[in-house]
Amino acid sequence: MIKFFKFLLWSVFGLVAVAAIALFVFIKTFDLNKYKSYAEKAVYEQTGRKLSLNGDAWLKISLVPTAVLNDVSLSNPAWAPTPDMVKAKSVEVSVSVLPLLDKEIVIDTVQLVEPEVYLYVSPTGENNWTFEKPGVQTAQAAPLTANDAAVEVSAPLNLVAKEVDIENGVVIYQDLKSRSKTDVRVQSFALTAEDMASDVDIVADLLFNGEQINATATTGSIQSLLRDEPNFPVHAKVKAYGATVDADVKLSGLLSGNISFVGNVSAQNPAGNFGAPDVNLQTALSGNVKNIVAEIQKLNVAGNTITGTVKADLSGSKPYVNAVLKSPKIDVTKLSAPVKKAQVSLVSSAEAANFVPATPVDLSALKLVNADAKVNVTTLVVNKDMALSNVSLTAKLNNGVLNVNPLNANLGGGTLNANAMVNANQNVFSLDAKGQNIVLQSLVPNLGVTDDNHFGIGSGGKTDLSLNLQGEGKTVRQIVESLNGQVIAIVGESRIQTGSLKYLEGSIVSQILRTLNIKTKEKVMKLQCAVARADIKNGDASFPKGIVFNAKDLTVVGDGSVNLKNDKINLTIHPFNGKLADTNVVQAISSLLKVSGTIDSPRLALDNSAVIKNVVGVAAAGPAFLGSQLLLDVDESPCYTALKGTAYQSMFPAPKGVQAAGQSAYQGASDAISGGVNLITDTAKGVLGILSGKKK
């Protein structure tokens, strides 16, 4: 009996050995090249595309047989710009043998070396990844290499790839209608799964249009994917462009083409990346390939929190975005790194170096989408001294033209209403803004009375603003140099505490006030009105007696211009204390001031030419000349004069009766006499020039 079992054991062993040797010999001598034509024909019958197996094909001997194919390609439709949709230097596929008994193909590994994939969308909307079986007519159009009868190929019951590796791959996506192109370079890609029912792990290092992208992901099983089950889970973490994105979403309709999704996405952008502050986003996403809805749970930009809803419609030729956003507080000063300011303000001339830079204004992003947006901000901090409240705006972007209308806000206890337009097609800008009942000391707290020794506004301070500006250009400087429009600020009755300038110290305003050496017996000055009016034409801002400070004991009128093209200042300041009388004629003449130089470096001095003109005028025409020159500075309605010809001139009473007639007469006399004085002084200069030998 024992000998029988030994004989049986050795017989089984011998049969296994013979079978193994036979299998070895079969695999060793099996020539895959004989079957390439069958594979090519089968692929064509299923897809209508030509599969080309140009290189050698063979099997590697191991416990897991491996098929190796060299120089593989799959053709494109005729309209595509490249002949091949897919090609690879080599493809290696390792298959487990035992699962074949259960009609399950278990691919241990798939290795693709230097694969190239070209995806196209035609001008008529067709794509090259949609396959159609050829009809009888079209079947004969594609040459086949098969020399035998058609082979019936049936798909196995189950198919799973446990590991897929890609080295040095390329994926090109190109829309031939919009001429957009996406270039993805696959440096490495690995996909692993234990079996068909297990989750899939993916690790990828890519170059997306030249930018490095590192991604890891875990998805649902291949089994659920092949069954096109809904809510296919994907959890991915992507590092790209210096930012990090985490997504936890569920996808449906991946194989049917009706793709939809729902899930949560968070993103982080560190401070300085893209020249932006730190950004953290948490949002819930839903939608499909044509319509996306993002419920922004929290968008934190440098400490500024924003919530709302953003909807995107991608079905048209240009994406359309609709946004409704709100924030309890936005501090603009935190949104970017501090930069040197460029401004036209007389308050901070020391900060106006390189008055307006030639920084390019890039509006190309406005041409990419159409959009509607509504934004509400409870508090908007403009700078350390200024904040707006209850800001609301409605914006519409259509074919490169952005309209913000209206923009409403509470400002310094008053209201601000504005609208703006930016035309990215022509680089044209416009702004129209009106402010009413803005309290200066509420708008700028530093202008309030803080103690008994410093200048401040005790009460009143209500201000109206009007800005109407248009400009065009591709740089900030070009826009400023082309500006046209008008800027008006009007301050009503106020009580101003005199004293040392704390907030305005170091500015040109403090220089002017110190030079005037204003002395008043009263600690509080009663301001009747103040006006700043600038008429701007082609970058030249003129002040037609448009700078007025009219108080009970002091009237100051400014006239002149500021050239925004070369930053040159040419302003005269005419201060006058009290009413016109012989006792203050000398003071009036000696206190004529001139501001010249540039906004970067203003210069303040006596207006010698005006003083000389008045002296010569008095000598030539008598005291009436001096009276006519100073009349506009001492009339009882300098604010009316400053606003004459604008929509605000009725805010203050015009000169009446004898005063009005006298003003006109004196003004006429002033113009006539000024012309004569100019002629006299110019002639005198010419004679002196000839006598000195400087002129011939």
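The values are calculated or read from the model by the stated rules, or taken from the named source; none is laboratory data. Here the structure is a predicted model, which means the values were calculated and not measured. So basically every Cβ, Gly included, is an ideal-geometry build from the backbone, and we count neighbours across all protein chains shown. For accessibility, only protein heavy atoms count, side chains too; no ligands or nucleic acids. Shrake-Rupley method; radii C 1.70, N 1.55, O 1.52, S 1.80 Å.
Take each peptide in 315-328, 554-567, count the other Cβ atoms within 10 Å of every residue, and average; sorted highest first, the result is 554-567, 315-328. Solvent-accessible area assigned to carbon and sulfur over segment 354-463 amounts to 54 percent, based on a 1.4 Å probe. Taking 0.36 nm per residue of separation and subtracting the current Cα-Cα distance, fully stretching the chain between LYS298 and ASP201 would add 32.0 nm. At a probe radius of 1.4 angstrom, the accessible area of segment 209-272 per residue rounds to 54 square angstrom. Taking 0.36 nm per residue of separation and subtracting the Cα-Cα distance, full extension of the segment from GLU92 to ASN54 would add 12.2 nm. If R0 is taken as 35 Å, the Cβ-Cβ distance between GLN426 and LYS237 corresponds to a FRET efficiency of 0.20. Annotation for THR415 and ALA395: the two label points, set 7 Å from Cα along the Cα-Cβ direction, are 2.4 nm apart. Computed from the Cβ-Cβ distance with R0 of 30 Å, the FRET efficiency linking VAL476 to THR307 stands at 0.40.
Our coupling estimate for segment 484-494, obtained by passing each phi through the Karplus curve with A = 6.51, B = -1.76, C = 1.60 and θ = phi - 60°, is 9, x, 8, 10, 9, 10, 10, 10, x, 4, 8 Hz, Gly and Pro reported as x. Solvent exposure of HIS574, expressed as accessible area, is near 40 Å², computed with a probe of 1.4 Å over the protein chains only. For GLU132 and ASN446, the FRET efficiency from 1/(1 + (r/R0)^6), where r spans their Cβ atoms and R0 equals 56 Å, is about 0.15. A straight chain from ASP362 to ASN376 at 0.36 nm per residue would run longer than the Cα-Cα distance by 2.4 nm.
Modelled label positions at THR124 and SER256, each set 7 Å beyond Cα in the direction of Cβ, lie 2.8 nm from each other.
How much of the accessible area of segment 281-333, in percent, comes from carbon and sulfur atoms when a 1.4 Å probe is used? Carbon and sulfur atoms account for 59 percent of the accessible area of segment 281-333. With the charge dipole of segment 229-332 set up from +1 on Lys and Arg Cβ and -1 on Asp and Glu Cβ about the Cα centre, the Cα lying farthest toward the positive end among the listed residues ASN258, THR244, VAL234 is that of ASN258.
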